[in-house]
1. Only Lys, Arg, Asp and Glu count, each charged at its Cβ (+1, +1, -1, -1), so figure out the dipole size of chain A about its Cα centre, rounded to 20 debye.
2. Under 5 Å between amide H atoms, partner at least 5 residues away or on a different chain: which partners does A:Arg60 have, H built in plane at 1.01 Å?
3. Pick out, from A:Gly26, B:Val201, B:Ala25, the residue whose Cα sits farthest towards the positive end of the charge dipole of the protein assembly as shown, with +1 on the Cβ of Lys and Arg and -1 on the Cβ of Asp and Glu.
4. Arranged by the count of other C-beta atoms within 10 angstrom, fewest first, what order do A:His21, A:His12 take?
5. Within the set of other residues whose C-beta is less than 14 Å from the C-beta of A:Ala74, count the net charge using Lys and Arg as +1 and Asp and Glu as -1.
6. How high is the FRET efficiency between B:Val176 and B:Arg22 when r is their beta carbon distance and R₀ equals 45 Å, given to the nearest 0.05?
7. Applying the Karplus parametrisation 6.51 cos²θ - 1.76 cosθ + 1.60 with θ = phi - 60° to the phi angles of the stretch B:208-219, what ³J(HN,Hα) value in whole Hz is obtained for each residue in order, glycine and proline being reported as x?
8. Long-range amide H contacts for A:Leu11: which residues qualify at under 5 Å (H placed 1.01 Å from N, peptide plane, sequence gap of 5 or more or a different chain)?
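Please treat every number below as a calculation from the coordinates, not as lab data. Just so you know, these numbers come straight off a predicted model, no measurement behind them. Cβ: placed from backbone, ideal geometry, glycine included. Neighbour counts: every protein chain shown.
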Amino acid sequence: MLLAVLEQGPLHGYGIIEALHQRSGGALDLPTGTVYPALRRLERAGWIDGVWSVVGGRKRRTYTLSRAGRRELAARRSEWIRFSGVVGSVLGGTT
Amino acid sequence: MTADAVGVAIGTLERSVRGPRRARAELLREVRDGLEDAVDAYREAGLDPVEARRRAVQDFGDAREVAAALQEELAAGYGRGAAARMAVAFPALVVLWDLVWATGSQPGGTPPAAGILARLIDGLSFTAAAACGIALVLLWSRGRRGVPAARVTTGVGVLGLCTLAGVGGGSVLLNVLNTGRAASAYSDPPAFGVLAVTVGVAAWLCVSGQRCLRLGRLARSGP
């Protein structure tokens with residue numbers, strides 16, 4: 001999900017949290033503090049790149065989806081579509 | 001007067017998270033900025049300053065759990081750097097010493113036992129470097145697959161310190177077995193220079209190994 005919100009362009013930590021909240025219609029209510037270590041883990045994996053830059057007059061760490069991150073996002077998306085299709089078929093058959 | 005909620009959360013993180021100064025400071029700054037952004041957003045939504053700070057910290061979650069997750073990332077980052085240093089330094093020292101012995105003008109031959117020991121030291125150095133290369137890959141790309149970074153970082157520390165002890169002890173023994181050539185070699189300025197570099201690099205790697213153990217232990221101890 002973090003990779004997906006970065007697909008639209010670079011964002012800083014709180015921007016990512018806001019984007020997650022907006023895209024889920026407020027349904028995603030994860031503790032915001034968990035986003036920061038998760039971003040560092042994604043950066044360590046090479047899926048996002050983090051740089052310090054000045055945004056709105058304040059120095060912030062901004063993240064961008066890397067090429068490897070785009071590939072990973074595409075793979076995860078396909079996996080999810082296939083999985084949700086299977087589950088949907090099974091559940092749809094029982095009603 | 002009630003304590004500032006954001007200050008309390010940041011204080012908890014500052015007390016709990018340990019690691020390399022710059023990486024730690026950047027990580028804490030990023031989290032602090034994020035909390036301040038959340039406060040600003042609540043203020044813009046019309047909340048008073050105290051309530052805005054309280055809500056931002058409530059959304060943040062348990063600071064001790066966040067600190068534990070940040071600690072693991074700091075350990076992983078340090079472990080990756082240490083593994084890279086060791087993967088390069090151990091073989092580089094072998095090559096440097098091979099050059100000293102190959103190009104020097106030391107008299108006499110090498111006793112068979114010293115030859116075997118030298119090969120063992122070389123083998124240990126290259127094996128340790130290969131293991132550090134594997135750890136590097138685990139901490140980097142395999143971070144994608146949920147490899148426990150704290151354990152790998154601890155492993156890098158143990159590997160580095162054991163290799164230093166093995167190579168160091170073996171090298172001292174090698175010089176004892178080969179006293180004549182060693183005494184002659186160390187009188188040459190280039191060999192003495194390589195010896196000084198070796199001691200410096202060994203001390204540097206020793207510090208790296210100890211920090212890996214400490215950060216790995218802190219990250220494994222959890223919130």
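1. 340
2. Here A:Ser53, A:Val54, A:Val55 satisfy the definition.
3. B:Val201
4. Listing A:His21, A:His12 from fewest to most nearby Cβ atoms yields A:His21, A:His12.
5. Here the count lands on +3.
6. 0.60
7. The phi angles translate into 4, x, 5, 5, 4, 4, 5, 5, x, 5, 4, 5 Hz.
8. A:Tyr63
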